[in-house]
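Report on the structure given below.
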Amino acid sequence: MNNTRLKLLISCILIVVCANAYAQNSAFQQRLAIIDQQLELMSDTLVTGLNEIANFSVSNVPIQTFLRSVAESHRLNVQVDASLGFLLTNNFTNVSVKDLIYFLCEEYQLDIRFTGTIMSFFKFQEPKLPDRPYVAKKLGVYYNPSDGLMTFDLSGDTLQAVVREITRVTNINVVALGGREIEGKLLNCFIKGLRLESALDKLAYVNGLKLTKSKDGIFILELQGAPPGQNGFNNPSALTKVQAQGEVTMKDSLLTVDVVNYPIMEIISQASVQIGVDFILFSDVAGTTTAKVKSVTYDNLLSFIFQGTNYTYKKKSGVYLIAQRSAEGFRSTELIRLDYRTTENILLEIPSELVKDVDIKIHKELNSLIVTGNKQKIDELVAFVKLVDRPIPNILIEVIVVDVRKGYSIETGLKAFLSPDSIPKTQGQVFPGLDVTLSSRSINDALQRLDSKGIVNLGRVTPSFYMQLKALEQSNNIQVRSTPKLSTMNGSKANLIIGESVYYVETTQNITGGVNPLTTTTQQFNKVEANLAINISPIVSGNEHITLDITAEFSDFVDPTIPNAPPGNTTRKFESKIRIRNEEMIILGGLEELSKSDVGSGVPLISRIPILKWIFSSKTKRSANNRLIVFIKPTLVY
């Protein structure tokens, strides 16, 4: 028997899995049919390149690169989703371009979005199934009218739903009192075969409720105020009528109420008779209250006793109309116009309790909220909106970025060279610095003069000999100053990006094999950026202190160290969070870079001899000092 059940369970699981797989495969096949029709239509009218014959052989090539090569070779317009991360290893010979594209879609589950002649490739996604309709839960409330026995099988059911169901099946009124305090109360109980009164008594006991019975035979369930031991099993007298104590009096047209566990309807009736006003009830007012108030008006008394209940009132032609808050004619509509805030932002700040049972619509053109609901609820909502509808300060942020670069270099020395290509003449710079290349002819002329005067005879140099004499000194003092100004609202982020971009070409070459190899070259322009980027988020305190959350990044281009390589990039970045007063200036950064170098070369031993070392050696001395300083000054603007 157990084996039979196990086989049945496995069969059910396989059926469900197969059904889901069939549904997914069916959706993809339908999409492929639509793609095929679109490709056929485009190849006949708009894009004739889809009918051309393609020959490609690729190995481990990204799908983006392959589709770009196909598009470039056959004059197509394509866009490929960057998230497609698989590689292709295929050989396509004498196949039409549209068949090639259809094969890729089918093989790798791709989808195409057609926009004019542009084809956008992305991963196919299954369509979402519609949500199942909500099915109301059947309550476990059963009643046998022949013997009057009641059965409860409740698990996490609301009190309001249970009392409605009991009233429906028994035709005996059962109500729940307590206003908002009792809303959402969940019941758990299993009772079988008891009389209605006894079953309700046990239901109240196990769920922390109190059961009473009115004079006209209505059962009342409310929150338990006394310890459970005084009710239920140990207190048979719980099923007695409500004991009301107190009185309502009037003096000088003002009412004084001193009652304990008194019916609300009785308070309204006595107060109306004594004050001499007329009222009309549009729904029964149930529930009791305990109150002690002195010398209040009739309107204030109604407001007090209806507070926290589902009842309200309004006055029309001297008559007080009393009904539930949601009753027709007791709803009100108001336009709440905002002076300083926006409707989208203020909706996120309203507590959920204030918008309960209130319908809110946004009117963007008037920057207003249209609210519909109970007048008391609307008054609370209006009071809250007016409380938070305050002017938000603007902050003007002045940023001064100073980049100071100082440096100098000195190069001295005499160098001699041999070159297969002779230097035709003496040339170079004499002033303001000395950087001269002496040809072999100039050197021989100088040696001939020394020989003719009998000073020294050094012979002659070959035509491929030349010398370079250098004595240069350079200094630089560069100061770059940027003074951007940013404005933003309190709590919002201000962004500033100033920079430049440099593009370099990246060439990709694909060679397909065969008798006649096909070479396809694709060029792609890549970008390198150097930016000055500043992000500042200000928060203003009540005493005009401003907290700044600062992120700054500065980058520059540098020459590449490898020939034909992309340009390099240096970055300086810092983050800081500080608090300052209004219109105070702070200094950030101070990023300083100091570099020194002293390089020399010369003939061994001779380059160490005084005086001769100036002839038989060369020296290069460099020094650089770079400093970055950032000044920030926030100013409140109301």
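The values are calculated or read from the model by the stated rules, or taken from the named source; none is laboratory data. Computed from a predicted structure; not experimentally measured. Backbone-built Cβ (ideal geometry, glycine too); neighbour counts: all protein chains shown. Ligands, DNA and RNA are stripped out before the accessible areas are found, and what is left, the full protein with its side chains, is counted by its heavy atoms. Shrake-Rupley method; radii C 1.70, N 1.55, O 1.52, S 1.80 Å.
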- Task: Could you tell me whether VAL296 is closer than 23 Å to LYS215 by Cα and either surrounded by 15 or more Cβ atoms within 10 Å (Cβ to Cβ) or in contact with a strand residue (DSSP E or B) (Cβ under 6 Å, 6 or more places away or on another chain) (or both)?
- Result: no
- Message: Among (1) in contact with a Leu (Cβ under 9 Å, 6 or more places away or on another chain); (2) at pLDDT 75 or above, there is one condition GLU500 misses while meeting the rest; what is its number?
- Response: (1)
- Task: From ALA327, ALA323, grab the single residue that is surrounded by 12 or more Cβ atoms within 10 Å (Cβ to Cβ), of a type in the set (Gly, Ala, Ser) and either at pLDDT 80 or above or under 30 Å from ASN394 (Cβ atoms) (or both).
- Result: ALA323
- Failed item, numbered, when SER155 is tested on (1) surrounded by 15 or more Cβ atoms within 10 Å (Cβ to Cβ); (2) at pLDDT below 85; (3) over 26 Å from TYR311 (Cβ atoms): (1)
- Taking the range 338-367 and keeping only residues that are within 26 Å of the chain's Cα centre (by Cα), without any contact (Cβ under 8 Å) to a residue 40 or more places away in the chain and open to solvent by less than 50 Å² (accessible area, probe 1.4 Å), one is left with THR343, ILE350, VAL355, ILE360, ASN367
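In the set THR309, THR240, THR288, THR212, which member is modelled with pLDDT under 85 and open to solvent by less than 40 Å² (accessible area, probe 1.4 Å)?
The unique qualifying residue is THR309.
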- Picking from LYS493, LYS470, which residue would you name as being of a type in the set (D, E, K, R), open to solvent by 40 Å² or more (accessible area, probe 1.4 Å) and at pLDDT 70 or above? LYS493
- Would you mind finding the one in ILE615, ILE539 that is at pLDDT below 75 and open to solvent by 40 Å² or more (accessible area, probe 1.4 Å)? ILE615
- Message: Contact list please: Cβ distance under 7 Å, first residue in the range 187-209 and more than 16 Å from PHE219 (Cβ to Cβ), second residue acidic (Asp, Glu), pairs at least six apart or on different chains.
- Response: PHE190/ASP153
